[in-house]
1. Working only within the range B:169-198, note down all residues that are among the charged types (D, E, K, R) and open to solvent by 80 Å² or more (accessible area, probe 1.4 Å).
2. Condition test on residue A:181, is it within 30 Å of residue A:200 (Cα to Cα), within 13 Å of chain B (Cβ to nearest Cβ), in contact (Cβ under 8 Å) with a residue 40 or more places away in the chain and under 18 Å from the mean Cα position of the chain (by Cα)?
3. Hey, any hits in the range B:107-115 for a residue that's free of Cβ contacts under 8 Å to residues at least 24 places away in the same chain, of a type in the set (Gly, Ala, Ser) and under 20 Å from residue B:75 (Cα atoms)?
4. For residue B:209, state whether it is within 14 Å of chain A (Cβ to nearest Cβ), more than 30 Å from residue B:56 (Cα to Cα) and either touching a Gly at 6+ places or on another chain (Cβ under 9 Å) or of a type in the set (Val, Ile, Thr) (or both).
5. So in the range A:174-225, with the set limited to residues that are touching a His at 6+ places or on another chain (Cβ under 8 Å) and among the hydrophobic types (A, V, I, L, M, F, W, C), which one is most open to solvent (accessible area, probe 1.4 Å)?
6. Taking the range A:86-95 as the region of interest, how many residues are more than 8 Å from chain B (Cβ to nearest Cβ) and open to solvent by less than 30 Å² (accessible area, probe 1.4 Å)?
7. Facing chain B (nearest Cβ under 9 Å) and closer than 18 Å to residue B:212 by Cβ: is that true of residue A:101 in this structure?
8. Within 30 Å of residue A:197 (Cα to Cα) and either open to solvent by less than 10 Å² (accessible area, probe 1.4 Å) or within 13 Å of chain B (Cβ to nearest Cβ) (or both): is that true of residue A:36 in this structure?
Amino acid sequence: MIRFDQVHKRYANGREALAGVTLNIASGEMVFLTGHSGAGKSSILKLIALIERPTRGQVWVDTQNTATIRPRGIPEFRSRLGVVFQDHKLIVDRSVAENVALPLIIAGLSQREIDKRVRAALDQVGLLDKDKLRPLELSTGEQQRIGIARAVVAKPKLLIADEPTGNLDPELALEIIQLFKRFNDVGVTVVIASHDVHLIDHLNARRIVLGEGRVTGEAPPHAAQAAAQAASHASLHTASSAAGRPPAGTPR
Amino acid sequence: MSVEAYFTRHAQTLLGSLGRLVSTPFASAMTITVIGIALSLPLYLNVFLQNARIATENWNQAFDLSVYIDKKASATRTSLIAQQFRARSDVASVRVILAAAALAEFRSSSGFGAALDALRDNPLPDTLIVTPTLSASTPEGGAALKSALAQVPDVETVALDTDWVKRLYSLLDILRRVVLITAGLLGLGVALVVGNTIRLDILNRRMEIEVMKLVGATDAFARRPFLYSGVWYGLGGGLMALGLVEVGVLALSNSVTRLATLYGSSFHLAGVNFGTGLAVLMGSVFLSWLGSWTAATHHIKAIEPS
């Protein structure tokens, strides 16, 4: 579903966010990108969503080389993608239902179809009764669930989330992560950037550890605990050797 | 996208844009008033011009003929010719201006008194001012009368006095061009005012546009509500311009009618007719749409999620 091949990203201010990232994420996987802030988690997600373009290297999403997508093709590309943000990015002067409906309105569905799918999405995140409210009338956790409902309402094959639990207390964070897991269970590929190691430990999911713009560690399912330790102790020293090599044991 | 869904969506966007304008009544009223005033200026000029045309419509026919008599003819001969002309069925009246009287008037009014004294002979001829009857006051009738009078012995030349009407009409023509130029400049101003308003609106809603683009909106989709805002501004401004001009016409109407009565005319000040009104509304909507399209295309393209 996602393949990064020796990807470098240097921003206009000279900061090198990614320094040769190679990774593979298979269709149907649920993957966490972890690492300290500034390690390159957000940059990877931005490259996937075509918010940024790589300085060097290639990014493949859904068997498509993103370098071949022209600016004109970006809206169509993004409409096949579900994106969740730490700050929710909800439109505050529109109702919850209107926020969730936005991708469907853009896709040009009929009002009846939109109503049906919005109700289904709100039901999935457990906020069916809040559809008439404005986002600011909801709690932070509820706002995040609205953001997720909006991301999944158009039934994307790929869902990416940047620190979706960043502002939530542990209990709410776990609920949100379990929500992502439920979408993953029905076949959606899920990529979540998060620095919350304890939270990830609760889940049986693959983890890609980043440090200073490189992949510094990998933890396959069932070995999350060990990988967390390995990453925290040895990541900086193994960084150069791990970078540039496709992670072992990951399907492509 | 089904056709029905397409139109439903456009209708919703149209009403949504109107709702947004209504939700900020003061700012919207300001913009609409600026458009209204800008468009009312050329419209006022146009109303003036239309009325000037109507008022002078009959003047073309109210002409006189000046008949210059041969200088060798005597004053008696001149009054005989005048009598002959008065007898014609297509002549309403004849006024005689004898050479001596004409010179005396010229001497007193021109200030060339001393210079005229140097002349041995009176250079002016006897003149008859011939006014045709109303039924003969057509371009053809005037021309026929002119050639008939020119046949009479001792008549030197016959001049048709329509030059001043021609001058008036070319003056009105210049005014018409002034109206067009003014309308063009102020129309450009309307497009710019709306464009600037839309620009501010877009900057205020930057975050919303970013979100839309993140979930797959095209520039055209994000632009649409702003284009509809432009259309509403144009419609509002056009209606305000028509209203302003109608109020002005009503305020002037009584005075103009009184003035016309003093001149024995039944002239009434006419307002904006239906065709012009429709053209003003369509032009206003188009200009506002153009302004918002330019601003929205430019500024929405510049907003990219980061």
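1. Answer for the range B:169-198, where residues must be among the charged types (D, E, K, R) and open to solvent by 80 Å² or more (accessible area, probe 1.4 Å): B:176, B:177.
2. It is false that residue A:181 is within 30 Å of residue A:200 (Cα to Cα), within 13 Å of chain B (Cβ to nearest Cβ), in contact (Cβ under 8 Å) with a residue 40 or more places away in the chain and under 18 Å from the mean Cα position of the chain (by Cα).
3. Among the residues of the range B:107-115, not one is free of Cβ contacts under 8 Å to residues at least 24 places away in the same chain, of a type in the set (Gly, Ala, Ser) and under 20 Å from residue B:75 (Cα atoms), which makes the answer no.
4. Values: within 14 Å of chain A (Cβ to nearest Cβ): yes; more than 30 Å from residue B:56 (Cα to Cα): yes; either touching a Gly at 6+ places or on another chain (Cβ under 9 Å) or of a type in the set (Val, Ile, Thr) (or both): yes.
Considered against the rule, which asks whether it is within 14 Å of chain A (Cβ to nearest Cβ), more than 30 Å from residue B:56 (Cα to Cα) and either touching a Gly at 6+ places or on another chain (Cβ under 9 Å) or of a type in the set (Val, Ile, Thr) (or both), residue B:209 comes out as yes.
5. A:174
6. Adding up the residues that qualify gives 2.
7. Details: facing chain B (nearest Cβ under 9 Å): no; closer than 18 Å to residue B:212 by Cβ: yes.
Judged against the criteria, residue A:101 is not a match.
8. Here the answer is no, as residue A:36 does not meet what is asked.
The values are calculated or read from the model by the stated rules, or taken from the named source; none is laboratory data. Remember, it's a predicted structure, so these values are computed and weren't measured experimentally. Cβ atoms come from the backbone with ideal geometry, glycine included; neighbour counts cover every protein chain shown. Side chains are part of the model used for accessible areas, which takes the heavy atoms of the whole protein and leaves out ligands, DNA and RNA. Shrake-Rupley method; radii C 1.70, N 1.55, O 1.52, S 1.80 Å.
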